[in-house]
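Every read-out reported here was derived from the displayed coordinates using simple, explicitly stated rules and does not represent laboratory data. Since we're looking at a predicted model, the values are computed, not measured. In this analysis, Cβ positions are derived from the backbone assuming ideal geometry, glycine residues included, and neighbour counts consider all displayed protein chains.
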Amino acid sequence: MNTTSLETFSLLAPEIVLVIAALVAYLGGAFMGLRAGWLVAAAGIAASMLVARGQAADPAFSAGVSIDAFSTFIRWTVLSLGILLCLVQAGDLFASAVSRGPGLHRGGTCEEAGTFLLLLAGLSLVGVAGDLVVLFAGLELVSIPTYILLALKRTDARGQEAGLKYFFLSLVASAIFLYALASLYGIAGSTDMAAIAASLSADGAGRIAQAMLPLAIGMAIVGAAFRLAAVPMHFYAPDVYEGTSPGNAALLSTLPKVAGIVVLARLVAMVTPAAGPDLLWQILVVLAAVTMTVGNVMALWQSNIRRLLACSSIAHAGYLMVGVAAASAGAVSGGTHLFAAGGMSATLFYLATYAIATIGLFGAIAYLGHRWPEWTATSGPRPPREEISSVDDLDGLSGTNPVAAFAITVFLLSLAGIPPLPGFWGKLALALSALGVDGTAAIDSGSRRAWFVGVAVVLVLNAAIAAAYYLRLIAAMYFKTTKRGVQADGGLAAGVAMLACLVLVATVSIRPRGLLAAASRAGESLTPVTAPSAGASQSPDTLASR
Amino acid sequence: MNGFSPHAHLLLTIAAPLVGAVVAWLLGSRGLSAVRQSAAVSTVVTLALAAWLIVRYLAEPSTAAGLPFALQEVPWLTEGIFDVRFSLGLDGLSLWMFGLAALLSLTAVLVSWDAVQDRPVGFYVLLLVLETAMLGVFAARDVILFYVFFEFTLVPLFFLIGIWGHEERRKAAVKFFIYTLAGSVLTFLGLLTIVLWHAAHANVVTFDIEALADGMMIHPLPMTADGGWLQMIVFLALLAGFAVKVPIVPLHTWLPLAHVEAPTGGSVDLAGVLLKLGIYGFLRFSMPMLPEATAMAAPWLFALGVAGIIYGALVALVQTDLKRLIAYSSVSHMGYIVMGLFALTPVATEGANLQLVNHGLSSAGLFALVGMIYERFHTRNIASLGGIAAKAPWLAVFFMLFTFSSIGLPGLNGFVGEFMILLGSFQRAWDGVSIAWQSAYLVMALLAVAGVVLGAWYMLWATERVMFGGSREPPRAGHGHADSHAASGHGHDHGHPTPGDRCDLRWHEVAALLPLAVFVFWIGLAPGTFLAPAAPAVRKATSSSATAFAARMHDTAPTVARIDSR
């Protein structure tokens, strides 16, 4: 044991606390009741937060782990989302206990909570990884618990389909991503990200690099796209979301996206200054535009709520990629950009606003749980409760559960980007970052400016398309009436998650500054900025000559 | 006056409806009358505050010079590249629209008094939230704050139409929302482009509308092939949102549906205030910030305005539904405003700015009256209505007053605005355009005059059918046979009204209409009171566009020189 590894352990203390808490949950499962597991999980996350708070704020680096503003932002995002998801998942427990009926007392197990904690530890590890091996280990520590959670929650045919589909596709994506990492190692001769970046910018024009780098970039993007649920690895999302519980859907639509964004961000930081390729941002811009359009258009025709939200989460993956693309273009050649670092900050900010609204939405659905079918005393015995799954099941919710209807409406409007909700501030930041690329140049066809103005237009028009299906949900809740009551059997925890998200949404609406400042620091630490003033003073003549 | 500074006054005026909304919500358990009374009190208080603020504005000597009043600025999102401020203030452009929003909100509450029985708490809360948004959008002095209020007006109106509207309400609400949103997101990008351009060239990031307008005079967006016609692109982006809002033909298709399906209170706010946002946007953003593009587009928008006048009038002529007729008359009348605005002469633009208020008063009054007729007779079908003057003489008096105001009878407000717009347009056509354009402009101005005749034709025809002639439909509620009239549009010939079958205006309906009528006369008889405070601001907003237009028409084309001198 040398001092380096001791230092690494201390840097990773928050993750280690999560793993210890997971072990407590696993071992304690033999003695404790079902709910205790989630209490352990919440306590573990809280302890991890305390440890993370105690850590020095200075950037630190040791043996494949780098702590900077970016990884700190990711870690806190993961832990905060972890608390909220914990509540939603606990809500699942009650709801699914009802679904399974009195015969099967398997509403969930303590092990679920432990597995969930391992997932969080893995995701946090992805955030702090400064080395390809640690990054991959972290990603696998996200994937494997996800398989288990998907398989544990549901035992019906759809649940099995969801679990298997996710399992196989995730394996393929991981394998492809591993190839990308191997290629990067082959080019640079190191697994350390900083070393790779340095080596690439030193001899970016090397022959091997030229041949291998596009391949590596492409495969890395495929790997990230699976986690983001972005084109071309988006198609599993509707089936998997439909086949699993609301809590798992909340998890799937947020945590893997964090991992995907981290991978893309690290990739941009590693390869762009070097290869000078327009390739990376071009791929990202096209994928972003295609992803958001595909997601939104698919969502227009969905009648199942979870499928609809799956499509919506695909669309949001597209929005997220706009900022990464802008950051990537900004890193290629600094001077001409008005706000080069804005892109990554915008993406991180948007990620947080998206996650709050999405978890709140699934929390509300988990909380609502079941509804009674239409029934009169004369038509025989009362039929069992039905799980809320289709959009029609929300009919008249404003009458039967006004608080949940209001919360869902706020979350949907935020996702649609209606001001002054957080989603609006996020889209504002994304649009500004895209329009800021070559911000003073003419919009000539084929120029980089034209690409980014184009993707900004696609983004805002997609926001209008998305409003169509979000409004369909709102219209069902407010403009229709129903005779069927809602059970609201998802338990207190999911309701608390919903309300907590509502409070967060309100806070960010009124005071977006705090979150944006944190996201800005994180984004800037990752993609070093050429000072905005330099870009601003850049005369248009040099731009015209490009 | 020291104790109550103007900016606190302004903030209080905008916040008052919001407070009222909370009060109405808290009173929800006490039933309909408590809720609607509290809503009425809130709107009256807001109106009083707004009126007092306007009086203070007019008393302040600095405002006559065109300086903004009651400035208020609180940082909202000042981080990195953002410098969004919660900054409010009133100037000549926004003054009357601010007052109109406060006035029509009271009307909207009073016309809903008996009409809304279902879920009244939600209705009045949304109406009050909408009032805050409407007041805020005119007072906003920050681009993002403007956009926040601009978009946020959609949300309450979406629910108002969708929950309390008529048969097709769900479709109308969604169509209204999506249509307007799709346009305004492009406006959003256009505004951001202006901010970024200004930031790059002035080396300071600001979202302040006035600073941006001044900055764009120094560093105009390029209007040459070299610069990629950026100014025109931004103009078109802004146009997308504003043209849908106005609406300029052919982007008007959402309007008749939304109006016909909206509850009366929603129609009053929509026609009276929200349509004006498009024109206000042109005056606030497009004209001062993008003068050369405005000058280039002006003839085409002038023509679209005329097309709207004629098209709206012709479609209104063949309507069988009274509310739809008035909706199309709105399309026609907004055409005059567009035409006056893009005639770009001082008389025409000032007339257009006044006509915003005039149309707000007359269309809101007419929609309110149609709502009252519908409450009484359960139909809006012109063929089924008739003889209302005998049964409800005061209703008929108000209906005719607003009809005359709408068709521009001298002595009433509509005449002043329309006359100024037409006068200014003829000025422009006579000696303000190059020879090549002259005949086209003259034809268009003459067509607009023909539109006045058409407008008189359909409005008077409808008034005659509805107010006079034999009775075709007996009054509805409270007379025990309401059910037989549930379906409208079949020309019921049963029901024989007795002479005692009176159904005239009730107190709250009179209270809703009387303030509007006062202003109809006031503006008609003393237009100077209303024109003078707005004139400097309107002239300032349009002067650079007018100069650019004159330059284009006389082919001196200083545009290239201006780009190079940057």
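As I understand it, the value is the acute angle between the Cα axis of helix A:402-416 and the longest principal axis of the Cα atoms of chain A; what does it come to in degrees, rounded to 10?
20 degrees
If r is the Cβ-Cβ distance from residue B:446 to residue B:539 and R0 is 25 Å, what FRET efficiency results, to the nearest 0.05?
0.40
For segment B:160-280, with the dipole built from +1 on Lys and Arg beta-carbon atoms and -1 on Asp and Glu ones, taken about the Cα centre, which of B:160, B:242, B:215 lies farthest toward the positive end?
B:160
Taking every pair of distinct Cα atoms and averaging 1/r, then inverting, what Kirkwood hydrodynamic radius in Å comes out for segment B:197-349?
Final number for the Kirkwood radius of segment B:197-349 is 16.6 Å.
In nm, to one decimal, how far is the modelled label at residue A:503 from the one at residue B:521, with both set 7 Å along Cα→Cβ?
Those two pseudo-labels are separated by 5.7 nm.
Return the distance in nm (one decimal) between the two label points of a simple spin-label model at residue A:32 and residue B:25, each offset 7 Å from Cα along Cα→Cβ.
The answer from the label model is 3.8 nm.
Taking the Cβ of residue A:64 as the centre, find all other residues whose Cβ is under 11 Å away and add up their charges (Lys, Arg: +1; Asp, Glu: -1).
That works out to -2.
Can you figure out the FRET efficiency of residue A:215 with residue B:383, using R₀ = 60 Å and their beta-carbon distance, to the nearest 0.05?
Step by step, r from the Cβ atoms, then E = 0.20.
About the Cα centre of chain B, how large is the charge dipole given +1 on each Lys and Arg Cβ and -1 on each Asp and Glu Cβ? Please answer in debye to the nearest 20.
620 debye
Report, to one decimal in Å, the Kirkwood hydrodynamic radius for segment B:44-87 based on all distinct Cα pairs.
In segment B:44-87 this quantity evaluates to 12.6 Å.
Please compute the net charge surrounding residue B:536, taking Lys and Arg as +1 and Asp and Glu as -1 over other residues with Cβ under 13 Å from its Cβ.
So the surrounding residues net to 0.
My understanding is that a pair violates if its Cα-Cα distance is over 28 Å; which of A:165/A:480; A:427/B:175; B:175/B:276; B:276/B:323; B:171/B:245; A:153/A:483 do that in this structure?
A:165/A:480; A:153/A:483
Quick one: helix A:305-332 against the long Cα principal axis of chain A, what's the angle to the nearest 10°, folded into 0 to 90?
10 degrees
Based on Cβ point charges of +1 for Lys and Arg and -1 for Asp and Glu, what charge dipole magnitude is obtained for segment B:144-230 about its Cα centre, in debye rounded to the nearest 20?
460 debye
Tell me what the protein assembly as shown gives for mean residue ellipticity at 222 nm when only DSSP H runs of n ≥ 4 count, each as -39,500 (n - 2.57), the sum divided by the residue total, rounded to 500 deg cm²/dmol.
-24500 deg cm²/dmol
Putting +1 on Lys and Arg Cβ atoms and -1 on Asp and Glu Cβ atoms, find which of B:508, B:172, B:522 reaches farthest to the positive end of the dipole of the protein assembly as shown.
B:508
Taking the Cα centre of segment B:26-183 as origin and charging only Cβ (+1 Lys, Arg; -1 Asp, Glu), how large is the dipole, in debye to the nearest 20?
Result for segment B:26-183 is approximately 440 debye, rounded to the nearest 20.
Take segment A:355-453, compute every pairwise Cα distance, and split them into 5 Å bins from 0; I just need the percent in each bin.
2, 11, 14, 14, 11, 10, 8, 7, 7, 6, 4, 2, 2, 1, 0
Have a look at A:72, A:45, B:103 and report the one farthest towards the positive end of the charge dipole of the protein assembly as shown, computed about the Cα centre with Cβ charges (Lys/Arg +1, Asp/Glu -1).
Checked the options; the winner is B:103.
Taking all pairs of distinct Cα atoms, average 1/r, flip it, and tell me the Kirkwood hydrodynamic radius of the protein assembly as shown in Å to one decimal place.
31.2 Å
Compute the acute angle (0 to 90°) between the alpha-carbon long axis of helix B:209-218 and the principal axis of greatest extent of the alpha-carbon atoms of chain B; round to the nearest 10°.
40 degrees
Could you tell me the center-to-center distance, by alpha carbons, between segment B:381-412 and segment B:211-248 in angstrom?
43 Å
Just the Cα atoms of segment B:92-238, one point each, no solvent: what log10 I(q)/I(0) does Debye give at q = 0.08, 0.09, 0.10, 0.19 Å⁻¹?
Once normalised to I(0) and log-transformed, intensities are -0.32, -0.39, -0.47, -1.14.
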